[in-house]
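S.K.: Got a structure for you, questions after.
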Amino acid sequence: MDRTGPSSVLSQYCMTVGFFCVILYMYGFFPIKASTNIFSSRTDLPTNLHDLKFHTENLYNGSVSKTVLMVIDGIRLDFVTKDNMPYTTGKLEGKEGCHLTARVSAPTVTLPRIKAIVTGTVSSYIDVMLNFGTKELTGDNVIRQAAQTKRLLFYGDDTWIKLLPHHFIRSEGTSSFFVNDYTEVDSNVTRHLDFELHRTDWDVMVLHYLGLDHIGHIEGPNSPLIRPKLREMDGIIARLHEYLQEQGGGVLVVCGDHGMKDQGSHGGVSTPEVLVPLVVLGLGCPTHNKEEVLQVDLAPTLSVLWGVAVPADNIGVAIFSLLAHLSPAQRLFALLHNGQQLAANFLRNKGSTVHENYCKFEEARQKHYEWLINSSSVSHLEVEALYQSSLLGMSRFLSDVLANYDTWALFTAKAILLQVVCMLGLKLAGVSPPHPSMSSVLSVSAIVGVAMVILCSLPPWPLPILLCCISLLSVNSVLLYHQFRTLPSLFKAEVRVREWWRLLLPVGTAVHCLAQMSSSLLEEEHQLWYWLWVTVGLLRLRQNCARWLCVLVIHRVLRALNQTGDRWAHLPDLSDWLTLTSNASILSAFCALSLLWLCWYCTQVLSRSWIPTILCAITVSCIYQHKAAIHQAIPFISPSSNGVSEARMCWLLLLLLLLQGRSLNTLLVCWMLSSSLLLRSHNTVLIPALYFFSQSVALYPSPAHTVLHHWLGAVFFFYQGNLNTSLASVDLAAGYIGLEQYNIVIVGALLLAHTYAMPVLAYTLSAHSIVTNQRSWREEVLKNEQLVVFLQLLHMLVCLSAISLHRYHLFVWSVFSPRLLYLVAHSFVYLSLVSITNICIFIKLFNK
């Protein structure tokens, strides 16, 4: 009897349900922050303090005539130096400007950072996902407030226009996602200055420059292109500042939305990513240089300078050092307005009138009243200090307020996931689930629904999600019930271990699961995988000493290729040395030898067939030429393009190769070649190295064979320089290989393929080894698939449990939140692999 069909259906069902559970968990963990629909206006300005009335027009009327807000994407705090930005630093040293340090919150990506600047709020972490599909900002913000009385312009990153589409009288956007462009993307902003600086029909100009960030993504912060780009930005600052001085005064605010880590990307919480410069020219700041403020403080500060109401949801505090040009009465009024707005927000979000900081605010208001009656009775400096202390306290409270998790979603996702893990585990142990009858499923569904109503009210989910959860809980319960009925027969089985090193596999899997419970071990997860792999190598030295000794030596080289983790990521590694300009010839030779090694393996897989081998060789040469065109190798032929034509030629050759073979061998070769195209030059060696390691661990189809290949995927994932707890390890440049303009689907697919190239290749090599060496390979491939799905689902269950346990942890946003995003992507990759495997088996594509 052929059980291929039912077996493939079970693994497909379990993986699909598992992915649904992760999405449901993310839905509960990252609730999209709904707008409060509260909007400030000038009617919210204080009109009196006790029995004293204010002349609002005199105290809060906007102290600057023109403002230019210049956002330099990706600028780090240490980029503002005499060598990089001579004009800016000269003005700061001459006491003509204020140089502050702005601390940004996670995640350090553009969309949530722009929201923080304009709303004064900490964005939801889900904005990382929405970063690729920006929608209009519906909440209150300083741009909306200013647009009611001022004329605004915008040029730069089109994220601003998508967020704020109706507030600028003139605007033009540039795409922030095409990271290969770091010249035109800035020229398209600067070219508008010739026109706008000769006009007077505007009050606020917002500019967002992207070129520096794009250089960081492509070449890192130590690239020789960084200084010329900073000099270019410095020249623009000089031009804007001189224009504002000619107009009789104005303010130029220069800031970064986020920084840049030492590897060039961003998204994490390392110091170079979260500390950015905030330079203000035109107000003077003689005694407050290098003071640290929060990025959210910019919204209330701009509100005060422009004389508009502070956004209703703001949690920032007006930067006091930038208000030094105001009179004491104006400063105190601005602090009172900011304080009343914060106090209202404070009371809406679990604050109370007996809280220490709220009481301080009331005391500050009383002191302010006393000063207004008799300025000699109390110093305005004392009142200002009291205001500042109370406002900073309420601000910290609001930024630390507990997240509003959907506990129903968190619990239900883990419950369903636990069911499918148990179901698949029992299937691997020999207990197959039956086909449930419709009557039993409906009965259990009724019981589950009634139980939910009795325990508490039904969760406020969309009806399809609610019905889907009830159905899954019911079907899984019926299946598990029948499986557990036959469970006693399992204890009659005998466990035989022929090779004791195989005991390391379940022990290592258990240790890895336990390690997910610790934030420190999670950040250094690669160390555990390296230790497990070295242990496997040492235990197997007795079987094939020469080969495994070679494996261990290569492992030592590869683990030094890219520093990863958190604690030692800043240390120099082999890739840093290879990518030095002085070592270009060594990097080129290293890349060429790696591609030749890969080409040799590809010809072996293709059984040395002439046409596929020739196509493979041409593709390898095109891959090298592409890397030369993007300055990652020395070209054999001088490239006349930016690498787009070479990459497209590679994709075309890979398509021809796939159509010519249409077998598992061809799929394997195409994936290895496409992965080498996406990887950076120094990482190309990982593809043939993984093939070599796979040959070393190849065993007769067995659980050990599957588990070792699963481990290999994880080990090489970290060799590549990836990190499961930081979005900064994602190499955005890989998403634009062969593209001339941004396409969200293609870019997303390429990024996913690049990030998980190694786990996918390890899975494919495992299946290829079974198909090549076994006659009854279909059943063995499905056993391999089921065990991989079980390992992935078990890993997902442990991770979700760990995240739930640590949801109030200090590092929930810096470690566990990005971990959840990576888990979603990882689950989608395995769901795709399982689906492709089952489709290939169904249409009989796998053949030798």
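S.K.: Would you please list the contacts, defined by Cβ atoms under 7 Å and residues six or more apart or on different chains, that run from a residue in segment 231-244 that is closer than 15 Å to His208 by Cα to a residue that is assigned to a helix (DSSP H, G or I) and open to solvent by 10 Å² or more (accessible area, probe 1.4 Å)?
M.R.: If the second residue must be assigned to a helix (DSSP H, G or I) and open to solvent by 10 Å² or more (accessible area, probe 1.4 Å), the pairs left are Asp234/Pro86; Asp234/Tyr87; Ile236/Thr190; Ile237/Tyr87.
S.K.: Further, regarding this structure: Those residues that are touching a strand residue (DSSP E or B) at 6+ places or on another chain (Cβ under 6 Å), of a type in the set (S, T, N, Q) and closer than 30 Å to Trp568 by Cα, I need them from segment 256-314; list them, please.
M.R.: Once the filter is applied, which keeps residues that are touching a strand residue (DSSP E or B) at 6+ places or on another chain (Cβ under 6 Å), of a type in the set (S, T, N, Q) and closer than 30 Å to Trp568 by Cα, segment 256-314 yields only Gln295.
S.K.: Anything in segment 416-472 that is open to solvent by 30 Å² or more (accessible area, probe 1.4 Å), closer than 15 Å to Gln483 by Cβ and modelled with pLDDT of 65 or more? List them, or say none.
M.R.: Result: Leu418, Cys422, Lys427, Leu428, Ala429, Gly430, Ser432, Pro433, Pro434, His435.
S.K.: Something else about it: If the Cβ limit is 7 Å and pairs must be 6+ apart or interchain, which residue in segment 138-158 that is over 16 Å from Val304 (Cα atoms) and polar (S, T, N, Q) pairs with which residue that is open to solvent by 10 Å² or more (accessible area, probe 1.4 Å) and in a loop (DSSP other than H, G, I, E, B)?
M.R.: Thr138/Ser35
S.K.: What residue, of Val104, Val118, Val68, is among the hydrophobic types (A, V, I, L, M, F, W, C), under 19 Å from Glu242 (Cα atoms) and open to solvent by less than 40 Å² (accessible area, probe 1.4 Å)?
M.R.: Just one listed residue meets the conditions, Val68.
S.K.: State the number of residues belonging to segment 376-415 that are assigned to a helix (DSSP H, G or I) and either open to solvent by 40 Å² or more (accessible area, probe 1.4 Å) or among the polar types (S, T, N, Q) (or both).
M.R.: Going through segment 376-415 one residue at a time, the tally reaches 18.
S.K.: Pairs only if they're at least six apart or on different chains, beta carbon under 6 angstrom, first in segment 582-602 and more than 15 Å from Met672 (Cα to Cα), second part of a helix (DSSP H, G or I); list them, first residue then second.
M.R.: The qualifying pairs are Leu587/Leu578; Leu587/Ser681.
S.K.: Let me spell it out: the conditions are (1) surrounded by 17 or more Cβ atoms within 10 Å (Cβ to Cβ); (2) hydroxyl-bearing (Ser, Thr, Tyr); (3) over 29 Å from Tyr530 (Cα atoms), and Ser594 meets all of them except one. Which number is the exception?
M.R.: (3)
S.K.: Return the residues of segment 548-585 that are among the basic types (Lys, Arg) and either under 25 Å from Gln632 (Cα atoms) or touching a Lys or Arg at 6+ places or on another chain (Cβ under 9 Å) (or both); say none if nothing qualifies.
M.R.: Arg556, Arg559
This table checks each residue for (1) free of Cβ contacts under 8 Å to residues at least 60 places away in the same chain; (2) open to solvent by less than 10 Å² (accessible area, probe 1.4 Å).
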| residue | (1), (2) |
| --- | --- |
| Ser675 | no, yes |
| Asn724 | no, no |
| Ser729 | no, no |
| Glu740 | no, no |
| Ile746 | yes, no |
| Leu752 | no, no |
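S.K.: Let me ask something additional. Quick one: is His337 crowded, with 19+ Cβ neighbours inside 10 Å and under 12 Å from Val304 (Cα atoms)?
M.R.: So His337 passes the test.
S.K.: Related question: Quick check on Ile634: is it open to solvent by 30 Å² or more (accessible area, probe 1.4 Å), under 17 Å from Leu587 (Cα atoms) and either within 33 Å of the chain's Cα centre (by Cα) or in contact (Cβ under 8 Å) with a residue 24 or more places away in the chain (or both)? Steps first, answer last, please.
M.R.: Numbers: open to solvent by 30 Å² or more (accessible area, probe 1.4 Å): yes; under 17 Å from Leu587 (Cα atoms): yes; either within 33 Å of the chain's Cα centre (by Cα) or in contact (Cβ under 8 Å) with a residue 24 or more places away in the chain (or both): yes.
In short, yes.
S.K.: Only residues that are of a type in the set (S, T, N, Q) and either more than 18 Å from Ser674 (Cβ to Cβ) or touching an Asp or Glu at 6+ places or on another chain (Cβ under 9 Å) (or both): list them for segment 630-649, please.
M.R.: Ser638, Ser640, Ser641, Asn642, listed by residue number.
S.K.: Tell me whether segment 664-671 contains one or more residues that are outside any loop (DSSP other than H, G, I, E, B), within 26 Å of the chain's Cα centre (by Cα) and at pLDDT 90 or above.
M.R.: yes
S.K.: State whether one or more residues within segment 225-236 are out of contact with any helix residue (DSSP H, G or I) (no Cβ under 9 Å at 6 or more places or on another chain), closer than 23 Å to Ile319 by Cα and not aliphatic (A, V, I, L, M).
M.R.: Looking through segment 225-236, none of the residues is out of contact with any helix residue (DSSP H, G or I) (no Cβ under 9 Å at 6 or more places or on another chain), closer than 23 Å to Ile319 by Cα and not aliphatic (A, V, I, L, M).
S.K.: Further question: Take segment 268-288 and flag every residue that is more than 32 Å from the chain's Cα centre (by Cα) and open to solvent by 10 Å² or more (accessible area, probe 1.4 Å).
M.R.: First, the residues of segment 268-288 that are more than 32 Å from the chain's Cα centre (by Cα): 281-288.
Hits for segment 268-288 are Gly282, Leu283, Gly284, Pro286, Thr287, His288.
S.K.: Looking at segment 149-162 only, could you name the residues that are of a type outside the set (Ser, Thr, Tyr), touching a Ser or Thr at 6+ places or on another chain (Cβ under 6 Å) and open to solvent by less than 10 Å² (accessible area, probe 1.4 Å)?
M.R.: Selection gives Phe154, Asp157.
S.K.: Within segment 38-74, which residues are without any contact (Cβ under 8 Å) to a residue 12 or more places away in the chain and part of a loop (DSSP other than H, G, I, E, B)?
M.R.: Residues satisfying the conditions are Thr47, Asp51, His55.
S.K.: Inside segment 256-267, can you point out the residues that are open to solvent by 10 Å² or more (accessible area, probe 1.4 Å) and either closer than 21 Å to Glu242 by Cα or not polar (S, T, N, Q) (or both)?
M.R.: Listed by number, the residues that qualify are Lys261, Asp262, His266.
S.K.: Considering only segment 608-631, state which residues are surrounded by 15 or more Cβ atoms within 10 Å (Cβ to Cβ) and of a type in the set (Phe, Trp, Tyr).
M.R.: Residue satisfying the conditions is Tyr624 alone.
For (1) more than 21 Å from Gly62 (Cα to Cα); (2) among the charged types (D, E, K, R); (3) open to solvent by 30 Å² or more (accessible area, probe 1.4 Å), each residue gets a yes or a no:
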| position | (1), (2), (3) |
| --- | --- |
| Trp202 | no, no, no |
| Asn222 | yes, no, yes |
| Tyr243 | no, no, no |
| Val253 | no, no, no |
| Lys290 | yes, yes, yes |
| Ser303 | no, no, no |
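S.K.: Are there any helices (runs of 4 or more DSSP H) wholly within segment 267-358 with 3 or more residues that are in contact (Cβ under 8 Å) with a residue 12 or more places away in the chain and within 15 Å of Ser395 (Cβ to Cβ), and if so which?
M.R.: The qualifying helices (runs of 4 or more DSSP H) are 298-306, 328-348.
S.K.: Something else: Identify all residues within segment 321-334 that are touching an Asp or Glu at 6+ places or on another chain (Cβ under 7 Å) and either buried (at least 24 other Cβ atoms within 10 Å of the Cβ) or modelled with pLDDT of 90 or more (or both); write none if there are none.
M.R.: Within segment 321-334, Arg331, Leu332 meet the criteria.
S.K.: Could you give every pair whose Cβ atoms fall below 8 Å, whose first residue belongs to segment 211-228 and is farther than 13 Å from His266 by Cβ, and whose second residue is of a type in the set (S, T, N, Q) and at pLDDT 90 or above, counting only separations of at least 6 or pairs across chains?
M.R.: If the second residue must be of a type in the set (S, T, N, Q) and at pLDDT 90 or above, the pairs left are Ile226/Asn84; Arg227/Asn84.
S.K.: Restrict the check to segment 81-96 and report whether at least one residue is more than 24 Å from Gln245 (Cα to Cα) and either at pLDDT 85 or above or assigned to a loop (DSSP other than H, G, I, E, B) (or both).
M.R.: From segment 81-96, those more than 24 Å from Gln245 (Cα to Cα) are 83; that's our starting set.
Next cut, either at pLDDT 85 or above or assigned to a loop (DSSP other than H, G, I, E, B) (or both) only: 83.
There is at least one residue in segment 81-96 that is more than 24 Å from Gln245 (Cα to Cα) and either at pLDDT 85 or above or assigned to a loop (DSSP other than H, G, I, E, B) (or both).
Okay, residues lined up against (1) over 30 Å from Phe842 (Cβ atoms); (2) small (Gly, Ala, Ser); (3) surrounded by fewer than 18 Cβ atoms within 10 Å (Cβ to Cβ):
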{"position": "Glu779", "(1), (2), (3)": "no, no, yes"}
{"position": "Glu785", "(1), (2), (3)": "no, no, no"}
{"position": "Phe790", "(1), (2), (3)": "no, no, no"}
{"position": "Leu793", "(1), (2), (3)": "no, no, no"}
{"position": "Met796", "(1), (2), (3)": "no, no, no"}
{"position": "Ser804", "(1), (2), (3)": "yes, yes, no"}
{"position": "His809", "(1), (2), (3)": "yes, no, yes"}
{"position": "Trp813", "(1), (2), (3)": "yes, no, yes"}
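S.K.: Just to be sure before I move on: is His631 touching a Leu at 6+ places or on another chain (Cβ under 7 Å) and modelled with pLDDT under 95 in the structure I sent?
M.R.: On the way: touching a Leu at 6+ places or on another chain (Cβ under 7 Å): no; modelled with pLDDT under 95: yes.
Judged against the criteria, His631 is not a match.
The values are calculated or read from the model by the stated rules, or taken from the named source; none is laboratory data. Because the structure is a prediction, the values reported are computed rather than measured. Neighbour counts are summed over all protein chains in view; Cβ atoms, including those assigned to glycine, are modelled from backbone coordinates with ideal geometry. Protein only, heavy atoms only, side chains kept; ligands, DNA and RNA dropped before computing areas. Shrake-Rupley method; radii C 1.70, N 1.55, O 1.52, S 1.80 Å.
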